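This report concerns only the one structure given below.
The values are calculated or read from the model by the stated rules, or taken from the named source; none is laboratory data. Since we're looking at a predicted model, the values are computed, not measured. No Cβ is skipped: glycine too gets one built from the backbone with ideal geometry, and neighbour counts run over all protein chains shown. Note: areas computed on protein heavy atoms with side chains; ligands, DNA, RNA excluded. Shrake-Rupley method; radii C 1.70, N 1.55, O 1.52, S 1.80 Å.
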Amino acid sequence: MALPPHAIDWMNRAEIDYLGPFVKAWAAFNAWYRHDSGEVQERAMLNYAVSNHNSRLRRRVLPLLQDANVTADSQALKQAICDLQIKLDAIHFEVTRKSGGTERVSLRQVCIRPRPINAESRTRNNHEYRVRKIAGGDIELTVIATVSGIVRFQHVQPSYAPNNVYAEAAFLALSAAQQVTLRELYDSCNPRPMVDLIQGGGPLLQAGAMAFQCTQEDLLAGLVETIYTMRNALLHGEVDPDPQVLSCYEPAYRIVMQFLKSIQ
């Protein structure tokens, strides 16, 4: 027998909204890594949390991710990780980066080692290929003939956007070999290289019903990065009140709470 309207209303009111608890849990986590890292920049703080050998998060959470660990804390963390990715797989949750591009929130597509573009160069077949940051933060790409000093190609763009470069008429005017070399160099400068932690070809790591192919270190880094992205999307007003999107914050909350429990 179907529920009457007032029963459905009460059932809907009984559903727990995890946004508030999630924000508070992340605030506590943020306060920890800000204090323990001693860093000023947020990126450096996060890098400390997942990579520094003095990080309590790294020391205490990595053992929980081991397959052989069957403690209650380990099982709870692994199940929350599994639940989070299952929910993310069920939707297409996207966020907008500062550069203007979009990225899907998922452990199947996560940047665990962001890196700045400074200056890179390569010399091949009497040509020098350069990619560098210039005044104002723009990215400059140059191809110069080393003998004559003639500039074969030069392009400036505000952020990393390889497809825009490769569509330029001046790029298409380069020889096929020159195009390949410049592509190789610029693609290697990607400030946000993406990895797939589930089908990435690494060692098998079981988390609940989901099998990951990555190291414990990479899974920890991917979790922190993914949940940090979710936190930013929520606080910056990017989260649509879609029940499926909002439900992702429940396992994210459980993961952060397990982090906090581990670093106490």
*If you check Gln75, Gln66, Gln41, which single one turns out to be surrounded by fewer than 16 Cβ atoms within 10 Å (Cβ to Cβ), over 23 Å from Trp26 (Cα atoms), under 25 Å from the mean Cα position of the chain (by Cα) and of a type in the set (S, T, N, Q)?*
Gln66
*Which of the residues that make up segment 108-121 are exposed (fewer than 15 other Cβ atoms within 10 Å of the Cβ), over 16 Å from Gly222 (Cα atoms) and in contact with a Pro (Cβ under 9 Å, 6 or more places away or on another chain)?*
Pro116
*Answer residue from segment 78-87, given it is aliphatic (A, V, I, L, M) and open to solvent by less than 10 Å² (accessible area, probe 1.4 Å) and is nearest to Val239 (Cα to Cα) among those*: Leu84
*Top-ranked residue in segment 240-256 [being out of contact with any Lys or Arg (no Cβ under 9 Å at 6 or more places or on another chain) and surrounded by fewer than 19 Cβ atoms within 10 Å (Cβ to Cβ); ranked as farthest from Ile16 (Cα to Cα)]*: Asp240
*Just a yes or no: is a residue in segment 241-259 free of Cβ contacts under 8 Å to residues at least 12 places away in the same chain and in a loop (DSSP other than H, G, I, E, B)?*
yes
*Somewhere in segment 88-107, is a residue part of a helix (DSSP H, G or I), surrounded by 13 or more Cβ atoms within 10 Å (Cβ to Cβ) and at pLDDT 95 or above?*
yes
*asked:* If a residue must be at pLDDT 70 or above and more than 25 Å from Cys248 (Cβ to Cβ), how many such residues does segment 1-15 contain?
replied: 6
*Report whether or not Arg124 is open to solvent by 100 Å² or more (accessible area, probe 1.4 Å) and without any contact (Cβ under 8 Å) to a residue 60 or more places away in the chain.*
no
*Output yes when any residue across segment 185-207 is hydrophobic (A, V, I, L, M, F, W, C), within 30 Å of Asn126 (Cβ to Cβ) and free of Cβ contacts under 8 Å to residues at least 60 places away in the same chain, and no when none is.*
no
*Evaluate the following for Tyr18: is it at pLDDT below 95 and buried (at least 16 other Cβ atoms within 10 Å of the Cβ)?*
yes
_Is it the case, given these coordinates, that Glu225 is open to solvent by less than 60 Å² (accessible area, probe 1.4 Å), more than 30 Å from Ile139 (Cα to Cα) and of a type in the set (D, E, K, R)?_
no
